[in-house]
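Data block below; observations after.
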Amino acid sequence: MPPLQIKDYSWQQTESAVYLSLPLRGVRPGNADIFCTENYLKVNYPPFLFEAFLYAPIDDINSKAKIGNDAIVFTLFKKEIGMWEALSLASVDKEMMQRIREKSVLQAQAKAKELTEAKAVTKREDERYALKIMMEIEENERKKIEDLKENERQKATKELEAWKEQQKNAAVEEEKIEKELKMCQQKKQIEKEIKKSQDKKTTNHIKSMKSKNFTKGKNAKIIFSEKLKDDYVPAPRSTGNIKIQFTPRVFPTALRESQVAEEEEWLHKQAEARRIMNEDIPELHDLKEEEKNPEWLKDKGNKLFGTENYLAAINAYNLAIRLNNKIPSLYLNRAACHLKLKNLHKTIEDSSKALELLIPHVADNANARMKAHVRRGTAFCQLELYVEGLQDYEAALKIDPSNKVVRKDAEKIRNIIQGTELE
């Protein structure tokens, strides 16, 4: 069934716009389909159809259509100012109508393509702008972090310089006190010698006065000579330093200073740790009997670490820790694997856990504690947390002061903190 052409429409115009009103005839507004170009207007709301081959071109972008009150009201803005003789062109044959329709469809497609391209360009510009803003935000955040690091570095440097100045002043003050003490001792020694000389002079004088058998000759000369000797006071001795070297002697540790109790507590903890076994693990059912031993798993992990298969070594240590989480060497060895793989936060966690288990501090676990501090300090330094790293290296040096490698690394970290590390 062909559509019904709408004839009972009304229209008005001004020099700049045309106002067109179409009745809906009971059709739902949502069913109306409007197609509009510069020279063609089509409204399709089945079973009705309206077509207008416009008298002159219109601005189809700014023109409007309002649907309501059983009517569609169009406001069509003219491209050229002037009055139209009619709404539609007169004497339009079917062939010309078809050409106008095809031309209008092509124009609509071209405009739709241009609009799509414009939207794509706008979207790309918005994405570039958003990316630029994100980069600026990230740059600001990075700069803020760098400023915080620089402030912390300057603060640490100032504290270190203040500490050095304090140590220097303390050394100068101690040297001054020592010098004053030496001068005081010398002064007392001189006064003592003078007093001793005076006492001797007085004693000799009394003896000479009591002597009855003396003459004015030889005895007088002897008395005069003795007086000259008594009046002579030797000059103060010159100051100097005497270097004293003591032969080193090794004394057995006194019982009151020994760590027998701590050693026994450590051995007891190690024995208890070896007896602990967590057998509530589903994977145990598929393992051999030797693979259920944490010590065997630790040795296997050590061998894998030696072949640089760090992931496999971590898996071995993980299973051993699930079986027994009280053995500090498992955490210590796993920390070494994480450090090789640059898993720095996990290295810090495992090293800290090992240090918690390495209590009490005795000679048997000194080497393990030193390794834990060095590995955690290395991880801190690779995270650019040099102050915390230096603290761990200094703790390791307290355990083993003779370790030249640790001392050299600690000095490098101190130079980095002070900003004197050579390029």
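The values are calculated or read from the model by the stated rules, or taken from the named source; none is laboratory data. Quantities reported herein were computed from a predicted structural model and do not represent experimental measurements. FYI the Cβ positions are ideal-geometry reconstructions off the backbone, even for glycines, and counts take in every protein chain you see. Surface accessibility is based on the protein's heavy atoms, side chains included, excluding ligands, DNA and RNA. Shrake-Rupley method; radii C 1.70, N 1.55, O 1.52, S 1.80 Å.
Worth a mention:
- Inter-label distance, nm, simple model (7 Å from Cα along the C-beta direction), N169/Q418: 1.9 nm
- Fraction of accessible area attributable to carbon and sulfur, the range 4-88 (%, probe 1.4 Å): 48 percent
- Among the lysines of the range 4-88, pairs at least eight places apart or on separate chains and with Cα atoms under 16 Å apart come to 5.
- Looking at the range 92-184, the pairs of alpha carbons with a distance over 24 Å make up 69% of the total.
- With distances taken between every two different alpha-carbon atoms, the range 293-418 has a Kirkwood hydrodynamic radius of 14.7 Å.
- q = 0.15, 0.16, 0.23, 0.24 Å⁻¹: log10 I(q)/I(0) that the Debye formula gives for the range 4-88, counting C-alpha atoms only: -0.50, -0.57, -1.15, -1.24
- If R0 is 35 Å, the Cβ-Cβ spacing of M83 and K103 corresponds to a FRET efficiency of close to 0.90.
- The HN-Hα couplings worked out from phi for the range 288-293 by the Karplus form 6.51 cos²θ - 1.76 cosθ + 1.60 (θ = phi - 60°) are 6, 5, 5, 6, 8, 9 Hz, whole numbers, x standing for Gly and Pro.
- Average accessible surface area per residue within the range 1-105, 1.4 Å rolling probe, Å²: 62 Å²
- Sequence-distant lysines (8 or more away, or on other chains) whose Cα lies within less than 21 Å of K412: K149, K155, K158, K164, K340, K342, K371, K398, K404
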